[in-house]
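The structure appears below as structure tokens.
Please treat every number below as a calculation from the coordinates, not as lab data. Note that this is a predicted model, so its numbers are computed, not measured. For neighbour counting, all protein chains shown are included, and Cβ atoms are generated from backbone atoms with ideal geometry for every residue, glycine included.
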Amino acid sequence: MIVAPETRDLAELAGRLEHWLGGCLPRAIGIAVTDLAYPRGAGQSHETVLFDAHWTEGGQPRTQGCVVRIKPRTFTVFPDNLFDEQHAIMKLLSDEGLVRVARPLWFEEDPSILGNPFFVMEKKQGRVPVSIPPYGREGWLHDAAPQQRRSVWRSAVEQLAAIQRVPVTSAGFLGGKGAAARGLAQEWDKYQRFTAWLEETAPQPVLRDALARLESAWPAHDPEGIVWGDARIGNMMFDDDFRVVAVMDWEQPSLGGALHDLAWFCTLSETMHGRNSTYGAYLEGMGTREETIALWEEISGKSAMGLEWYEDFTHFKMTCTGVRLGQLRGTAMMDEAAMRRRLKVA
């Protein structure tokens, strides 16, 4: 099943990519682009297409598995344009080697080629616990043995924590403006603006009440750190040994602090495969919230004190995204009473 913001004629896309790759590979002859496909269970914010590139160089045949990621044109889920930053953080992480990401190969700013800027990265081989259908209900992770799921969980948390070992000083390009340059202030500013953006379509009294409640309980603990932005095992690829080979989907990175991704990961884990999962059965072998926090603290060297507030903020962020998707589709994603329960506002 394809879930993508936009789709296009893949044969035409192949021709455009073949012509464009000629400029990227000046010594190549006989460039051919084959096996184009939209990823199964793909995300909803960017058009992403898999393909293989073949050519001859120096008399030797070459093949490179690739993924093209295209900046969205009209189906914009988030108010901030962070396409360049997405590419930059992936390049930084690939170069530093602490976090396993797909290596960016080429970046194209010219919108005339595919309709918008895009970048191409290497295609990793592995399996992803997809959200459609929910991996807690069916699929390879659902069918795995508990000890195999344990490997998935541990490897995922190790990579989640490894992000916090990357110095924020090396990712200054992710900083915000003025008083919201980094830390919680940056993420808070982003979601205040997200709320205002949603209100351009319709009033959002529940979101405003939730912001006020969160601000009244402002956390004292705000450790620095890079934010991945969508921290969940559904955005990780695993090999046959049930270990992470790629951490994916960096659409909303920031310098917002270390606890945002941990809170997001814990919240989504409980939703997708925890004992109170709403999407499928509990998956034995996946670590508990307490185990996840303990392993994350051990590897990252940072404290998760006050994580509960960040988990509440995660619910707020997810609700903003849900409201936006509802606006784009012309359907309500959640009624007001359910939103108030989720966001703990009267």
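With the structure loaded, tell me whether residue 106 is under 30 Å from residue 274 (Cα atoms) and surrounded by fewer than 17 Cβ atoms within 10 Å (Cβ to Cβ) or whether it fails that test. No, not satisfied.
Take residue 241 and tell me if it is part of a loop (DSSP other than H, G, I, E, B), of a type outside the set (S, T, N, Q) and crowded, with 18+ Cβ neighbours inside 10 Å. No, not satisfied.
Here residue 229 clears all of (1) out of contact with any helix residue (DSSP H, G or I) (no Cβ under 6 Å at 6 or more places or on another chain); (2) surrounded by fewer than 21 Cβ atoms within 10 Å (Cβ to Cβ); (3) within 22 Å of residue 306 (Cβ to Cβ); (4) among the small types (Gly, Ala, Ser) except the condition numbered (2).
Residue count for the range 43-53 under the criterion of being out of contact with any Phe, Trp or Tyr (no Cβ under 9 Å at 6 or more places or on another chain), assigned to a strand (DSSP E or B) and closer than 23 Å to residue 132 by Cβ: the result is 1.
Would it be correct to say that residue 250 is crowded, with 19+ Cβ neighbours inside 10 Å, touching a residue at least 24 places away in the same chain (Cβ under 8 Å), aromatic (Phe, Trp, Tyr) and in a helix (DSSP H, G or I)? Answer is no for this residue.
Is it the case that residue 109 is without any contact (Cβ under 8 Å) to a residue 12 or more places away in the chain, more than 15 Å from the chain's Cα centre (by Cα) and under 26 Å from residue 235 (Cβ atoms)? Yes; evaluated as a whole, the condition is true for this residue. Counting only residues that are within 29 Å of residue 75 (Cβ to Cβ) and buried (at least 17 other Cβ atoms within 10 Å of the Cβ), the range 128-167 holds 13 of them. Listed by first and then second residue, the pairs with beta-carbon distance under 7 Å, at least 6 apart or on different chains, first residue in the range 311-327 and assigned to a helix (DSSP H, G or I), second buried (at least 22 other Cβ atoms within 10 Å of the Cβ) and among the β-branched types (Val, Ile, Thr), are 311/267; 314/267; 315/267.
Counting only residues that are touching a strand residue (DSSP E or B) at 6+ places or on another chain (Cβ under 8 Å) and within 24 Å of residue 280 (Cβ to Cβ), give me the helices (runs of 4 or more DSSP H) lying completely in the range 54-167 with at least 1 of them. Output list reads 140-143, 146-162.
Might you let me know whether the range 101-110 holds any residue that is more than 23 Å from residue 155 (Cβ to Cβ) and among the basic types (Lys, Arg)? No: the range 101-110 contains no residue that is more than 23 Å from residue 155 (Cβ to Cβ) and among the basic types (Lys, Arg). Would you mind stating whether residue 258 is crowded, with 22+ Cβ neighbours inside 10 Å and touching a Ser or Thr at 6+ places or on another chain (Cβ under 8 Å)? Yes, satisfied.
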